[in-house]
Amino acid sequence: MTDTPKTPVVVDTIIANVCVADGSGAPMSDARFDVALHDGRIHTIAAAGALAGWHAAQRIDGAGQVLSPGFIDVHTHDDTNVVRAPEMTPKLSQGVTTVVVGNCGISASPVSLKGDPPDPMNLLGEADAFQYPTFAAYVEALEKAQPAINVAALIGHTALRSNHMDRLDRAATEAEIEGMRAQLREALEHGALGLSTGLAYASANAAPTEEVLALAEPLAEAGGLYATHLRTEFAEILEALDEAFRIGRHARVPVVVSHLKCAGVDNWGRSAEILEAVDKAQRFQPVGCDCYPYTASSSTLDLKQVTDDFDILVTWSQPHPAQGGKLLATIAEEWGVDLMEAAKRLQPAGAVYHCMEEDDVRRILRHPATVVGSDGLPNDPLPHPRLWGAFPRVLGRYSREQQLFPLAEAVHKMTGLSAERFGLTQRGFVREGYWADLVLFDPATVADAATFTDPMQPAFGIAAVWVNGVLSWQDRAPTSAARSGRFVRRGTPQPVL
């Protein structure tokens with residue numbers, strides 16, 4: 001906070017009389033503040049009433065509400081939607097102002113398909129959605145579309161494999177790896193954040209660790225990071241974590257473990273053991289993780305995950321679209337077959353897996369290394385509710401109702417810590433001179449409205465959202481057709497421990 005100039009100043013917006021959760025995680029003050037925005041940035045933060053004489057095109061009274069940095073969704077699959085559906089309502093409506101795309105080894109660019117996109121790249125759309133043979137072409141398309149929120153991007157290992165290999169059920173050759181490295185370097189030169197892998201999927205599972213080690217080598221010079229959907233999140237998760245840590249050490253870059261979880265009934269209760277492995281690794285290298293605040297995951301319908309241990313909800317099926325929205329067990333019963341045969345008949349398809357335990361989710365979410373990512377799938381006809389509700393759910397269910405952590409810490413996990421980890425410079429904090437990505441919310445009512453049966457619902461309690469200083473969402477509706485998001489180039493990730 002700075003001293004207020006004695007002479008009146010003309011600014012674009014003043015948000016008056018607010019409590020501020022600044023993104024740092026520091027305890028919130030009872031004091032009230034006025035925050036002035038100008039030219040897309042936070043111009044001044046002053047004591048409430050100090051800016052009463054200033055002129056502003058827009059003045060909003062935030063009494064009783066909290067102003068925080070806009071939420072940063074570090075784990076998304078919005079790659080094609082930020083161009084094809086640039087209004088980005090599922091994210092903007094819950095206070096998200098920046099998304100990180102390209103997770104789990106799948107990215108919209110650089111991609112040159114030889115046919116249909118391989119599973120799980122089909123989560124991003126059909127073949128006509130992949131129009132970006134270079135990362136530079138993707139950035140150009142983003143800037144032309146100007147989505148409603150900011151976009152930063154990882155480059156997917158599976159996407160690179162698909163570009164250079166005739167089939168994906170084998171290891172890449174040295175020549176193929178070099179072709180992948182060249183495309184990764186081009187993307188890093190144009191501002192990509194780093195490399196992601198999805199080693200659990202059949203399209204990448206045949207890649208040995210050595211393939212990823214070699215591919216990741218250009219990251220350090222560019223200041224990139226390595227994000228990974230582990231080779232497994234089931235029984236051998238500790239071995240999968242060791243592989244991820246090894247890749248980070250070899251490449252000399254930070255590691256982000258995507259959607260850390262204890263998947264499968266036999267894994268329930270192991271979160272303390274898994275987090276101990278993260279803590280141990282942090283002594284020697286920068287390691288972090290993200291998670292979403294639900295006990296169900298969602299992806300394509302994976303035959304390896306078919307079980308009767310927990311409910312599996314089919315969200316879509318290409319050959320049998322009428323089966324979307326039904327439990328796999330119900331479909332199998334109607335068809336008079338077992339679960340595996342039903343799953344095979346439904347392929348390709350999507351599913352929600354109720355495969356986690358609440359205590360594990362809480363323990364992982366609370367851990368200091370954890371930031372929040374939705375992992376939402378915007379192209380699903382019946383998406384997991386995390387697409388619309390992940391961030392308000394952290395504030396409402398886990399901070400206010402369950403008191404898992406204070407509000408300031410919840411905000412930190414969704415803003416400042418995320419910005420530092422992914423190198424999103426001058427974002428993630430309420431600080432003078434920083435980009436004015438902001439969300440105003442009611443701490444007493446903020447909550448997710450999306451459910452598994454009715455998932456496309458905007459959150460409650462999100463009063464207003466600014467993206468680069470432009471009021472973009474207010475009272476559960478977009479403010480105008482104007483969109484103010486931009487492509488965010490890689491800064492320098494902080495070695496957050």
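The values are calculated or read from the model by the stated rules, or taken from the named source; none is laboratory data. Nothing here was measured: the structure is a model prediction, and the numbers come from that model. Glycine also receives a Cβ, built like all others from the backbone with ideal geometry; neighbour counts cover every protein chain displayed. All accessible areas refer to the heavy atoms of the entire protein, side chains included, with ligands and DNA or RNA removed. Shrake-Rupley method; radii C 1.70, N 1.55, O 1.52, S 1.80 Å.
Points to keep in mind about this one:
- Within the stretch 146-201, the residues that satisfy the criterion of being open to solvent by 40 Å² or more (accessible area, probe 1.4 Å) and within 30 Å of Ala235 (Cβ to Cβ) are Arg167, Asp169, Arg170, Ala171.
- Tally of residues being over 18 Å from Arg431 (Cβ atoms) and either polar (S, T, N, Q) or out of contact with any strand residue (DSSP E or B) (no Cβ under 7 Å at 6 or more places or on another chain) (or both) across the stretch 50-71: 5
- Residue list for the stretch 453-477, restricted to those being over 22 Å from Ala16 (Cβ atoms), of a type outside the set (Gly, Ala, Ser) and at pLDDT 95 or above: Asp454, Pro455, Met456, Gln457, Pro458, Phe460
- Residue in the stretch 130-137 that is more than 21 Å from Pro381 (Cβ to Cβ), among the hydrophobic types (A, V, I, L, M, F, W, C) and open to solvent by less than 10 Å² (accessible area, probe 1.4 Å) present: yes
- When residues in the stretch 227-280 are screened for being open to solvent by 10 Å² or more (accessible area, probe 1.4 Å), part of a loop (DSSP other than H, G, I, E, B) and touching a Ser or Thr at 6+ places or on another chain (Cβ under 6 Å), 0 of them pass.
- Residues of the stretch 204-214 include none that is under 16 Å from Cys289 (Cα atoms), outside any helix (DSSP H, G or I) and of a type outside the set (S, T, N, Q).
- The stretch 348-374: number of residues that are in contact with a helix residue (DSSP H, G or I) (Cβ under 7 Å, 6 or more places away or on another chain) and under 11 Å from Pro293 (Cβ atoms): 5
- Residues of the stretch 367-381 classified as of a type in the set (A, V, I, L, M) and touching a Phe, Trp or Tyr at 6+ places or on another chain (Cβ under 7 Å), total: 1
- Helices (runs of 4 or more DSSP H) (entirely within the stretch 122-196) containing at least 2 residues that are more than 23 Å from the chain's Cα centre (by Cα) and without any contact (Cβ under 8 Å) to a residue 40 or more places away in the chain: 174-189
- Where strands (runs of 3 or more DSSP E) fall wholly inside the stretch 282-339, the ranges with 1 or more residues that are in contact with a strand residue (DSSP E or B) (Cβ under 7 Å, 6 or more places away or on another chain), closer than 30 Å to Leu225 by Cα and not aliphatic (A, V, I, L, M) are 287-291, 297-300.
- Within the stretch 296-332, the set of residues being farther than 13 Å from Gly264 by Cβ, open to solvent by 10 Å² or more (accessible area, probe 1.4 Å) and aliphatic (A, V, I, L, M) comprises Leu303, Leu313, Ala322, Leu327, Ala329.
- Out of Ala148, Ala137, sole residue that is of a type outside the set (Val, Ile, Thr) and within 30 Å of Ile15 (Cα to Cα): Ala148
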